[in-house]
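This report refers to the structure that appears directly beneath it.
Bear in mind that the values in this text are calculations on the coordinates, not laboratory data. Not measured: the values here are computed from a predicted model. A quick note on method: Cβ atoms are made from the backbone with ideal geometry, for glycine too, and the neighbour counts reach across all protein chains shown.
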Amino acid sequence: MKSIIIFYDNHCPNCTRFTKVVGRLDWFNLIITKELRNLNHINQFSSIDIKIAKGKMASSIDNKWYYGYDSIFLIFKRIPVFWFFVPLLYLLKIANLGELLYNELAIKRKIIPVNCGPTNCSMNSKK
């Protein structure tokens, strides 16, 4: 199975927590994580749609980009402990219910800008 690069919003506590769990369960090292708000990471991938990625998790396999529920589905396919759930996740995917559920969660997520000054916020996670 091919590896996947995922971009997660490192200003979102739930996104960061999810990514850490995925990292611990990625026994085959098929998932490469990148911070969305780190310019060093973003500049390596010019084809990512930043506007969409700020609202939904982005992932790439062979320079083809996926966003939202599609990213989650592709991640779960690469983690053995979640393989039992893949058929259910696939049904949610083809019924478009997975994307609806994902959008509800993505809209309600909290963003904590950690690199903000009095007048602006830096996208770079390192000052």
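Spelling out what I want: for every residue of the range 53-69, take phi, set θ = phi - 60°, compute 6.51 cos²θ - 1.76 cosθ + 1.60 (Karplus), and round to whole Hz; glycine and proline get x.
5, 5, x, 9, 4, 10, 9, 9, 10, 6, 6, 9, 9, 10, 9, x, 4
With a/c under 1.5 counting as rounded, go ahead and sort the range 6-56 into rounded, prolate or oblate using the C-alpha gyration tensor (a ≥ b ≥ c being the square roots of the eigenvalues; past the cut-off, prolate if a/b is larger than b/c, else oblate). The partial results should precede the final answer.
Values: a/c = 2.25, a/b = 1.44, b/c = 1.56.
Cα axes put the range 6-56 in the oblate bin.
Can you work out the Karplus-derived ³J(HN,Hα) for every residue in the range 77-89? Use 6.51 cos²θ - 1.76 cosθ + 1.60 with θ = phi - 60°, whole Hz, and x for glycine or proline.
Going residue by residue, I get 5, 9, 10, x, 5, 9, 4, 4, 8, 4, x, 5, 4 Hz, with x marking Gly and Pro.
Any idea how far the Cα center of the range 1-15 sits from the one of the range 26-99, in Å?
Taking the Cα centre of the range 26-99 as reference, the centre of the range 1-15 is 7 Å away.
Suppose every Lys and Arg Cβ carries +1 and every Asp and Glu Cβ carries -1, with no other charges. What dipole size does the range 4-108 come out with about its Cα centre, to the nearest 20 debye? Intermediate values should be presented prior to the final figure.
Numbers: 13 positive and 8 negative charges, 36 e Å.
The dipole of the range 4-108 has a size of about 180 debye.
Considering all alpha-carbon pairs of the range 1-100, what whole percent are spaced by more than 17 angstrom?
Details: 2485 of 4950 pairs.
Tail fraction, whole percent: 50.
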